[in-house]
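Chemist: For reference, the structure I am asking about is given below.
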Amino acid sequence: MNSIGGFREGEIDGKANLIYTLLSQIDSQPSSSTQATIDSGGDNLPTQPLFICPSLRLKVHQLKHKKEASSDNLFPLNTSPHFPSSDQQVQYLLDSESHGVICKLPVVPLFWCNNKESDNDDGEFYCGACYGSKHGTNYYFCLTCGKQFHKECVESPFEINHPSYPFQSLQLYCPPLSLLFCNCCETNFLQMFYQCPTYNLTMHPVCAMKPIPFVIDHLKRHQHSLTFFPRQCFLPCNVCGLIKDRIPTYVCLRCVFIVHRDCIYFPRVIRISRHHHRISLTSYLPPGKWSCGVCRQNVDNKYGAYSCSKCNNYFVHTRCALRGDVWDGEDLEGVPEEPEIIVEPFETIADGIILHFSHGHYLKLKTFKVYDENKLCQGCVLPVYEGSYYSCTDECDFILHEACANAPRKKHHALHPHPLTLKVVTNEYGDLNNKGYFYCNACERDSCGFVYESSVEDQDFRLDLQCALVTEPFEYQGHKHPLFLALKPKVERAAKCHICEKKDRHCRKLNCIECDFIICFKCATLPYKARYKHDKHLLTFCKVEEASDHSGWCEVCERKIIYSQKGGFYACNDYCCTTLHVHCLLGKHPYMKSGHTIITQEKAFHTLALTDLHRKRLSASGGSISKHDSVETMKDPRNQRAYFSIEYLLHIITISPVKRIQLIAFATTAPNITELPAIWI
């Protein structure tokens, strides 16, 4: 049976379309007698073509190219989708019992679930062939492997003659679990895809077989009918301003108007995370030089963009405004704009006295006088280095920086399209497996302090207070220019921080639009000024290249600063010659509270604070307790605070007298842990 797909003229809802179909189906149109049987509802309906399970088809492809699996070459998928198959390799697998579960139902291996959404428990559809969540119009289900598939992935022929690329057909390929990018829908998927090597075009099967209307009437976008232009168009789209020749294009010859198919349906009014007002789609911008409020690059006023009606100079590229990390996905056209209700974080009792939502006692405003490293802000979990702070009037050691106390209960942040709610992390915060702490999505640190959490239930997004205080433009004291969240997602993931020199793909980054300076949130949120208990002056954060001016030794680990790892250090600039590594002063987990109980992977842990003496001993011995092979420790504890389970402490005491002595010393700095005294005997 022929395995080449093409497009034919047809009607959908009474409108002319180019509709994908297998060429074999074109060649076998029903006769007049057959059509009469269909119209009369007879029993002798024409048989529908049957298809093998894509799992079997992909397995056959892998076996055929097993020897070349390690090469970078792409091999076309040449196993027919039809059932029964004439492919000898398919027949071999169907007859074999040595290849695990094989989808080899003898008659109909797949059932067509027409126009039905996935019934997965999590509400998401994932195709068993391409592993994509993109929704098609129809689905198949395999009774043997229990997987659901896009109709397009099941029926995908060897090649497709696409009307947008009439001079060369698209070939079907299947690399082994490679992350792919569709040039049409701009989403990622795995494995099965169509490609035209000549034009470097990659298309998801759903996009490659999507019906193409000849004419689109969408008066919100254009006052005239838009006609499909059946060739690659190298002219910029009037809506997005981009030349995307791989996307089906529509034109209005009367107005010389060109638009991509997906740009036709852009929402009219939206709200984005980078601006505090709604923005509206406009066709033309006023004269002048404008920059995009998201990527900070120039906006061409000859093309469409989103603009703010309340701010005369705020514009955003259409594609930037509709990014998944910027827009919440809601079209607000016709939705009345309601004033946002502001919930204050505290109640003012008297001048300098407040009742904060996170604490049951009154807090009194005080001014910093003497540094105490044991007094930590309960919001950001950092000590008070300078300025004003609130302290509990009931002598319970509850402290908040003035800035942390003023953090709003709800806020919009540039890093997330949905509103964030401020919450207190208690011992019960989290899920069954992890309690008492959270993971910040911006800096990738664990924290026991206050958390800003997404107000949308299925959005697992959290920010600690330090990252939540970062706004655009961000005035970083270590750089002379303002910083922005202007990097596009793909560029940001590959960018290297100029401070720690790491390419962390998940840590968010800020960049300078006047020079090439880039800094990750982990480095940007480090305190620029900090204190050390053996120096009366404030210490300043210094970059690695400034080590020549401070070629001293770390006061804690007694190792030379210039040979330290990347990430900068702290130094006293008042002729005290005090220098410390960042992790020696703040620790590797600076936002974890000492004496706090956490649960991770269903195991209970306590945090222990280490003194300088103990840190030096561990450094001199060439490591720390956290480097023990036991899996009972949590992650890689820093030199200042470590996390131990009860089982691990018992294990250490049993096998190592030296470490037992060290742990007894550690216990003296953890008076709040009441469960451990019997261990130290």
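Chemist: Please count how many residues of segment 464-483 are under 24 Å from ASP446 (Cα atoms) and assigned to a strand (DSSP E or B).
Modeler: Adding up the residues that qualify gives 2.
Chemist: From the list TYR306, TYR314, which residue is in contact with a helix residue (DSSP H, G or I) (Cβ under 6 Å, 6 or more places away or on another chain) and closer than 27 Å to GLN223 by Cα? Break it down stepwise before answering.
Modeler: On the way: TYR314 fails: in contact with a helix residue (DSSP H, G or I) (Cβ under 6 Å, 6 or more places away or on another chain).
Among TYR306, TYR314, only TYR306 is in contact with a helix residue (DSSP H, G or I) (Cβ under 6 Å, 6 or more places away or on another chain) and closer than 27 Å to GLN223 by Cα.
Chemist: In segment 195-225, what residues are polar (S, T, N, Q), assigned by TED's automatic domain parsing to the domain that holds TYR165 and in a loop (DSSP other than H, G, I, E, B)?
Modeler: If the condition is that a residue be polar (S, T, N, Q), assigned by TED's automatic domain parsing to the domain that holds TYR165 and in a loop (DSSP other than H, G, I, E, B), then THR198, ASN200 are the ones that fit.
Chemist: For PHE228, indicate whether it is aromatic (Phe, Trp, Tyr), outside the structural domain of HIS317 (by TED's automatic domain parsing), crowded, with 18+ Cβ neighbours inside 10 Å and more than 18 Å from TYR284 (Cα to Cα).
Modeler: Yes; evaluated as a whole, the condition is true for this residue.
Chemist: Any residue at all in segment 152-170 that's closer than 25 Å to GLY324 by Cβ and modelled with pLDDT of 70 or more? If you could, list the steps in order and put the result at the bottom.
Modeler: Looking only at segment 152-170, we keep the residues that are closer than 25 Å to GLY324 by Cβ, and these are 152-153.
From what is left, the residues that are modelled with pLDDT of 70 or more are 152-153.
So far as segment 152-170 goes, yes, one or more of its residues are closer than 25 Å to GLY324 by Cβ and modelled with pLDDT of 70 or more.
Chemist: Determine whether LYS502 is at pLDDT below 90, under 19 Å from the mean Cα position of the chain (by Cα) and either surrounded by 18 or more Cβ atoms within 10 Å (Cβ to Cβ) or within 19 Å of GLY587 (Cα to Cα) (or both).
Modeler: Yes, satisfied.
For every residue, the table says whether it meets (1) aromatic (Phe, Trp, Tyr); (2) modelled with pLDDT of 90 or more; (3) under 26 Å from ASP460 (Cβ atoms); (4) touching a Lys or Arg at 6+ places or on another chain (Cβ under 9 Å).
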| position | (1), (2), (3), (4) |
| --- | --- |
| GLY288 | no, no, no, no |
| SER291 | no, yes, no, no |
| SER309 | no, no, no, yes |
| ALA321 | no, yes, yes, yes |
| GLY324 | no, no, yes, no |
| ILE341 | no, no, yes, yes |
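Chemist: Let me ask another. Within segment 407-438, how many residues turn out to be touching a Ser or Thr at 6+ places or on another chain (Cβ under 7 Å), surrounded by fewer than 21 Cβ atoms within 10 Å (Cβ to Cβ) and not in a loop (DSSP other than H, G, I, E, B)?
Modeler: Looking only at that region, the number is 3.
Chemist: Now for a different question. Being of a type in the set (S, T, N, Q), buried (at least 18 other Cβ atoms within 10 Å of the Cβ) and modelled with pLDDT of 80 or more is the requirement here; does THR600 meet it?
Modeler: Here the answer is no, as THR600 does not meet what is asked.
Chemist: Another question, if that's okay. So which of SER33, SER70, SER80 ends up being among the polar types (S, T, N, Q), at pLDDT below 80 and part of a helix (DSSP H, G or I)?
Modeler: Result: SER33 is the single residue among SER33, SER70, SER80 that is among the polar types (S, T, N, Q), at pLDDT below 80 and part of a helix (DSSP H, G or I).
Chemist: A further question on this structure: Given the conditions (1) within 26 Å of the chain's Cα centre (by Cα); (2) modelled with pLDDT under 85, report the number of the one that GLN195 does not fulfil.
Modeler: The number of the failed condition is (1).
Chemist: Which ones in segment 142-162 are outside any strand (DSSP E or B) and closer than 14 Å to PRO205 by Cβ?
Modeler: Selection gives LYS151, GLU152, CYS153, VAL154, GLU155, SER156, PRO157, PHE158, HIS162.
Chemist: Provide a single number: the residues in segment 201-225 that are surrounded by fewer than 17 Cβ atoms within 10 Å (Cβ to Cβ) and of a type in the set (Lys, Arg).
Modeler: Summing the residues that are surrounded by fewer than 17 Cβ atoms within 10 Å (Cβ to Cβ) and of a type in the set (Lys, Arg) in segment 201-225 gives 1.
Chemist: So, one more: Read through the list (1) acidic (Asp, Glu); (2) under 30 Å from SER388 (Cβ atoms); (3) in a loop (DSSP other than H, G, I, E, B), then give the number of the only condition that ASP331 fails.
Modeler: Status for ASP331: all satisfied but (2).
Chemist: Search segment 358-378 for residues being farther than 19 Å from PRO590 by Cβ and of a type in the set (S, T, N, Q), and hand back the single one that is surrounded by the fewest Cβ atoms within 10 Å (Cβ to Cβ).
Modeler: THR367
The values are calculated or read from the model by the stated rules, or taken from the named source; none is laboratory data. Just so it is clear, the model here is predicted, and its values are computed rather than measured. Because the Cβ atoms are built from the backbone with ideal geometry, glycine has one as well, and the counts that use them run over all protein chains shown.
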